[in-house]
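What follows is a single structure, written as structure tokens, with notes after it.
Each value in this text was obtained by applying a stated rule to the coordinates, not by laboratory testing. Bear in mind that the values here come from a model prediction, so they are computed numbers and not experimental data. Reconstructed Cβ throughout: ideal geometry from the backbone, glycine too, with neighbour counts over all protein chains shown.
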Amino acid sequence: MATHAVRLNAVTKTYGRKVHALRGVTVDLPQGGFTAVMGPSGSGKSTFLHCAAGLDTPTSGTVHIGDVELSRMNETQLTELRRDKAGFVFQAFNLIPSLTVTDNVLLPFRLAGTRPDHAWVAEVLGRVGLGDRAGHRPSQLSGGQQQRVAIARALVTRPEVVFADEPTGALDTQTAAEVLTLLRQVVNSTGQTVVMVTHDPLAASYADRVLFLAQGMLVDEVYGAGPNAIAQRMTALGRPRAVPC
Ligand SMILES: Nc1ncnc2c1ncn2[C@@H]1O[C@H](COP(=O)(O)OP(=O)(O)OP(=O)(O)O)[C@@H](O)[C@H]1O
């Protein structure tokens, strides 16, 4: 049995001939961990997340989710793997405005053509604090509540890994804290794995581990750090390298 939820080995991603978004990234993301990925704009964070989640294909190197190596899979198998093992939360909540909260959360079942477990859907909505909003439309909810619907939708398939790309990017500080606390609880209470890209040191401080990317390479990491320590590491990444005299 794999002890990692996700494993990247020597992963590169080159767009066209010249844009080296990832330049040989090797890292294990353990099961039941909360990992944040930080780095300057253009450092490869989203590319990292997309390759780790099987949304994008590396140019070279391997990605495993659990014991399964993604490069060995065809597009249909990848779609099934993402559906069964991964949940996704993005900055834009990507809810369907005409559907109720419950129907938005039921979408993964509809897309998979499987029978929804209504009791479980109700329980997940309760967990994200929206048990009393099940019949509302997204437009009747605050931004934070909408993101909690998106998290419920990501959790309803009981994924092994939740991939979150700037999940608090569109939220105010207080609402962001609620969403991050929820992600933290997911890890603590269910042992699911969360991987989150963020620009925000405060958001990253909810994670157990923060990975720092610069120019497509993993250049640093910290464990259990607070927002100030994380911000300092980020600042250090932005400093120009010393020029030899
Ligand atoms: N589909 C694409 N085609 C060409 N270049 C791309 C593509 N996607 C990303 N890139 C380039 O790859 C590099 C890494 O991009 P990526 O979006 O992963 O960085 P990021 O750290 O997530 O950036 P940001 O913080 O600004 O969202 C950038 O130079 C970007 O322009």
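Specify the angular offset, from 0 to 90 degrees and rounded to the nearest 10, of the alpha carbon long axis of helix 118-127 from the longest principal axis of the alpha carbons in the chain. Around 60 degrees separate the two axes.
A cut-off under 11 angstrom between Cβ atoms defines the neighbours of THR157, and their net charge, with Lys, Arg +1 and Asp, Glu -1, is +2. In the chain, the calculated helix contribution to ellipticity at 222 nm averages -11000 deg cm²/dmol per residue, counting -39,500 (n - 2.57) for every DSSP H run with n ≥ 4.
With coordinates expressed along the principal axes, the C-alpha atoms belonging to the chain extend over 67, 42, 34 Å, beginning with the largest. Considering the options ALA112, GLY42, ILE230, tell which one lies farthest towards the positive end of the dipole of the chain, charges being +1 on Lys and Arg and -1 on Asp and Glu at the Cβ, about the Cα centre. So the residue we want is GLY42. Counting only lysines at least 8 places from LYS85 when in the same chain, those with an alpha carbon closer than 29 Å to its own are LYS13, LYS45.
Highest mean packing comes first when the peptides 176-186, 143-153 are listed by Cβ atoms within 10 Å, giving 143-153, 176-186.
Arranged from fewest to most other beta-carbon atoms within 10 Å of their beta carbon, VAL210, VAL68, VAL156, VAL27 become VAL68, VAL27, VAL156, VAL210. For the chain, DSSP calls about 55 percent of its internal beta bridges antiparallel. Among TYR223, TYR15, TYR206, sorting on how many other beta-carbon atoms sit within 10 Å of each Cβ, with the fewest leading, yields TYR223, TYR15, TYR206. Here the 3J(HN,Hα) profile of the range 66-71, calculated from phi with Karplus coefficients 6.51, -1.76 and 1.60 at θ = phi - 60°, is x, 8, 8, 8, 6, 5 Hz, Gly and Pro shown as x. For the range 124-245, the square roots of the Cα gyration tensor eigenvalues, ordered a ≥ b ≥ c, give a/c of at least 1.5 with a/b greater than b/c, which places it in the prolate category. Tally Lys and Arg at +1 and Asp and Glu at -1 over the other residues with C-beta under 10 Å from the C-beta of GLN91: what net charge comes out? Summing Lys and Arg as +1 and Asp and Glu as -1 gives -2.
Among PRO201, PRO40, PRO97, the largest mean-square fluctuation in a Gaussian network model of the chain (Cα springs under 10 Å) belongs to PRO97.
Our summary gives the range 4-238 a relative contact order of 28 percent, counting only alpha carbon pairs under 8 angstrom and 6 or more residues apart. Counting neighbouring Cβ atoms within 10 Å and putting the fewest first, the residues LYS13, LYS18, LYS85, LYS45 line up as LYS18, LYS85, LYS13, LYS45.
Once you list every other residue whose beta carbon is under 15 Å from the beta carbon of LEU218, what net charge do they have if Lys and Arg are +1 and Asp and Glu are -1? So the surrounding residues net to +3.
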